[in-house]
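Asker: Take a look at this one; I'll ask things after.
The values are calculated or read from the model by the stated rules, or taken from the named source; none is laboratory data. Everything numeric here is computed off the predicted structure, so don't read it as measured data. Here the Cβ is made from the backbone with ideal geometry for all residues, glycine too, and neighbour counts use every protein chain on show. What goes into the accessible areas is simple: the full protein's heavy atoms, side chains included, and nothing from ligands, DNA or RNA. Shrake-Rupley method; radii C 1.70, N 1.55, O 1.52, S 1.80 Å.
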Amino acid sequence: MRSAEAVAGVVDETAARRREQRGWYWYDWANSVYSTSVLTVFLGPYLTSVARAAADPHGFVHPLGVPVRAGSFYAYTVSVSLLLSVVVMPLAGALADRTGRKKPLLGVCAYTGAAATTGMFFLGGDRYLLGGALLVVANVGFVVSSMLYNSFLPQIATPDERDAVSSRGWAFGYASGALVLVADLVLYGAHDSFGVSEGVAVRICLASAGLWWGAFSLIPLRRLRDRRAATAAGTDPDPGRAGTGGGPLGQGRHQLRETLRDMRRHPLTLSFLLAYLVYNDGVQTVITQASVYGSEELGLDQTTLIMAVLLVQVLAAAGALLMGRLARRYGARRTILGSLAAWTLTVAAGWVLPARAPVWFFALAAGIGLVLGGSQALSRSLFSHLVPRGKEAEYFSAYEMSDRGVSWLGPLVFGMAYQLSGSYRAAIVSLAAFFVIGLVLLARVPVGRAIAAAGNPVPDRI
């Protein structure tokens, strides 16, 4: 009877874990539309046009009395939002781990971001300040909620499940982005047939991304569950300890200091973060600069560029699932190393792409799509093994900061390469350095030892 009860308990626990995993996937489905439709396609050009409508005769707007070129307003606003995210993430992560109330924090961040995105429907005329404020709020909500969402992974999946679970989440996200982008393109391309202007069509696309984000966030918020705050080795279990200030913010500051001290005791985890910082900056720069390369160097029109983005979304979903399967056979570390080699070859191919040849640009987009989702998904799952128990949100805030905190480095290299050479071909191929250096740094990390040093079981294949 005891044996039967034990088996039944294991079956119930497995079923509950699977249910949480299925709920977890849906947050990728919910928020990826913001990344694709809002940040990648529509908001940059539209907010720039709104800023230009508000500009003085010299082409400047004056937020808070500071003269800013209208064409630079969007880029500066994104930078401000990322800097603010870097400040908020460790505090939110420390608070989540300290209190064990991760799901309510995820809900607050998700719905704050979704509400700000929905509010972008009102960006008419010259309301560039409203647009800037909504972008900052939405982007901070997106970044911080993504950090909290990622930190659920080691709690809802066993070590042997994480590569597959993470890959399915990324695949859900890319499928969602592709689906909504198709609908957006129908509305945008045939706006006259729907009886709306081009500007109204863009605002509907922006607002619908917020509604989508909010609606589908209900599923993970219903299915995910909070765990009691776990006490990791070396951590003071008393939340009322002197020096915390007695309130949540004081406890967050105290726990942040503890996290920084704790991370120094895990140098191999930091070594992985350094490798991720380098190669992921290359990934993000390719994503943001590929359209510039396509339009300025290859002479491609906007329709071709949007179709290329859609192709990347579709293939990234398939690529994430494919690389998840490869990780089960060869291990996540080897699969990521292989993807970095593929990234290197893909950006190097940009050097020889012929101008005004959409077919070859689509081939480059296909190469990017096949390695994009998998390299990101497996990096997330591999890092989850390196996190000490009870510090998931805090360590994933460092993981997100390793991306967001230096996201300026790749574009700087891209811009300097263009400035020195006068060629976007040289600029795009210069990004291969990020993948080569990241590959070398990751190859030098003894991942098995790093997992054991974090106090976690080492999977059979890593």
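Asker: Kindly indicate whether residue 22 is free of Cβ contacts under 8 Å to residues at least 40 places away in the same chain and not acidic (Asp, Glu).
Answerer: The answer is no for residue 22.
Asker: Could I ask something else about it? Six or more apart or on different chains, Cβ under 6 Å: which pairs go from a residue in region 28-54 that's touching a residue at least 12 places away in the same chain (Cβ under 8 Å) and open to solvent by 10 Å² or more (accessible area, probe 1.4 Å) to one that's not in a helix (DSSP H, G or I) and not small (Gly, Ala, Ser)? Could you list them?
Answerer: Close Cβ pairs satisfying both conditions: 53/126; 54/61; 54/126.
Asker: Kindly indicate which of 309, 359, 286, 347 is more than 30 Å from residue 97 (Cβ to Cβ), open to solvent by 50 Å² or more (accessible area, probe 1.4 Å) and in a helix (DSSP H, G or I).
Answerer: Only one candidate qualifies: 359.
Asker: Output yes when any residue across region 400-412 is in contact with an Asp or Glu (Cβ under 7 Å, 6 or more places away or on another chain), within 16 Å of residue 277 (Cα to Cα) and not in a loop (DSSP other than H, G, I, E, B), and no when none is. So that I can check it myself, show each step before the final result.
Answerer: Here is the first cut: in region 400-412, the residues in contact with an Asp or Glu (Cβ under 7 Å, 6 or more places away or on another chain) are 406-407, 409-410.
With the extra rule that they be within 16 Å of residue 277 (Cα to Cα), the set shrinks to 406-407, 409-410.
From what is left, the residues that are not in a loop (DSSP other than H, G, I, E, B) are 409-410.
The answer is yes; a qualifying residue exists.
Asker: With the condition kept exactly as written, say whether any residue in region 444-455 is charged (D, E, K, R) and under 26 Å from the mean Cα position of the chain (by Cα).
Answerer: yes
Asker: Since residue 22 meets every condition but one in (1) open to solvent by less than 20 Å² (accessible area, probe 1.4 Å); (2) within 30 Å of residue 152 (Cα to Cα), which condition does it not meet?
Answerer: Going through the list (1) open to solvent by less than 20 Å² (accessible area, probe 1.4 Å); (2) within 30 Å of residue 152 (Cα to Cα), residue 22 breaks only (1).
Asker: Checking residue 137 against (1) assigned to a helix (DSSP H, G or I); (2) open to solvent by less than 20 Å² (accessible area, probe 1.4 Å), which test does it fail?
Answerer: Among (1) assigned to a helix (DSSP H, G or I); (2) open to solvent by less than 20 Å² (accessible area, probe 1.4 Å), residue 137 violates only (2).
Asker: Got a sec? Which of 413, 440 is open to solvent by 40 Å² or more (accessible area, probe 1.4 Å) and touching a Ser or Thr at 6+ places or on another chain (Cβ under 8 Å)?
Answerer: Just one listed residue meets the conditions, 413.
Asker: Considering 195, 234, which residue is loosely packed, with under 14 Cβ neighbours inside 10 Å, out of contact with any strand residue (DSSP E or B) (no Cβ under 6 Å at 6 or more places or on another chain), at positive phi and at pLDDT below 90?
Answerer: Of 195, 234, the one residue that is loosely packed, with under 14 Cβ neighbours inside 10 Å, out of contact with any strand residue (DSSP E or B) (no Cβ under 6 Å at 6 or more places or on another chain), at positive phi and at pLDDT below 90 is 234.
Asker: May I ask you to verify whether residue 28 is acidic (Asp, Glu), within 26 Å of residue 220 (Cα to Cα) and at pLDDT 90 or above? Explain how you work it out, then say what you get.
Answerer: Details: acidic (Asp, Glu): yes; within 26 Å of residue 220 (Cα to Cα): yes; at pLDDT 90 or above: yes.
When the stated conditions are applied, residue 28 passes them.
Asker: On the basis of being under 23 Å from residue 20 (Cβ atoms) and open to solvent by less than 10 Å² (accessible area, probe 1.4 Å), does residue 176 make the cut?
Answerer: Here the answer is yes, as residue 176 does meet what is asked.
Asker: Moving on. Filter region 289-306 for residues that are of a type in the set (Gly, Ala, Ser) and in a helix (DSSP H, G or I) and give the result.
Answerer: 290, 291, 294, 295 - these are the residues of region 289-306 that are of a type in the set (Gly, Ala, Ser) and in a helix (DSSP H, G or I).
Asker: Separate question: Can you confirm whether region 357-377 contains a residue that is over 23 Å from residue 316 (Cα atoms) and touching a residue at least 24 places away in the same chain (Cβ under 8 Å)? Explain how you work it out, then say what you get.
Answerer: To start, the set of residues in region 357-377 that are over 23 Å from residue 316 (Cα atoms) comprises none.
So far as region 357-377 goes, no, none of its residues is over 23 Å from residue 316 (Cα atoms) and touching a residue at least 24 places away in the same chain (Cβ under 8 Å).
Asker: Could you list, ordered by first residue, the pairs with Cβ atoms under 8 Å in which the first is in region 163-182 and closer than 9 Å to residue 377 by Cβ and at pLDDT below 90 and the second is open to solvent by 10 Å² or more (accessible area, probe 1.4 Å) and among the small types (Gly, Ala, Ser), at least 6 apart or interchain?
Answerer: Taking only residues 6 or more apart or on different chains, the pairs are 170/317; 171/317; 171/318.
Asker: Can you give me the number of residues within region 198-211 that are surrounded by fewer than 24 Cβ atoms within 10 Å (Cβ to Cβ) and in contact (Cβ under 8 Å) with a residue 12 or more places away in the chain?
Answerer: Looking only at that region, the number is 7.
Asker: For region 365-385, how many residues are touching a Gly at 6+ places or on another chain (Cβ under 6 Å) and either open to solvent by 20 Å² or more (accessible area, probe 1.4 Å) or aromatic (Phe, Trp, Tyr) (or both)?
Answerer: Number of matching residues: 1.
Asker: Being at pLDDT below 75 and either in contact with a Pro (Cβ under 9 Å, 6 or more places away or on another chain) or of a type in the set (A, V, I, L, M, F, W, C) (or both) is the filter here, so list the residues in region 263-295 that pass it.
Answerer: Hits for region 263-295 are 288, 289, 292.
Asker: Considering only residues that are among the β-branched types (Val, Ile, Thr) and open to solvent by less than 60 Å² (accessible area, probe 1.4 Å), which ones fall in region 59-84?
Answerer: To start, the set of residues in region 59-84 that are among the β-branched types (Val, Ile, Thr) comprises 61, 66, 68, 77-78, 80.
Hits for region 59-84 are 61, 68, 77, 78.
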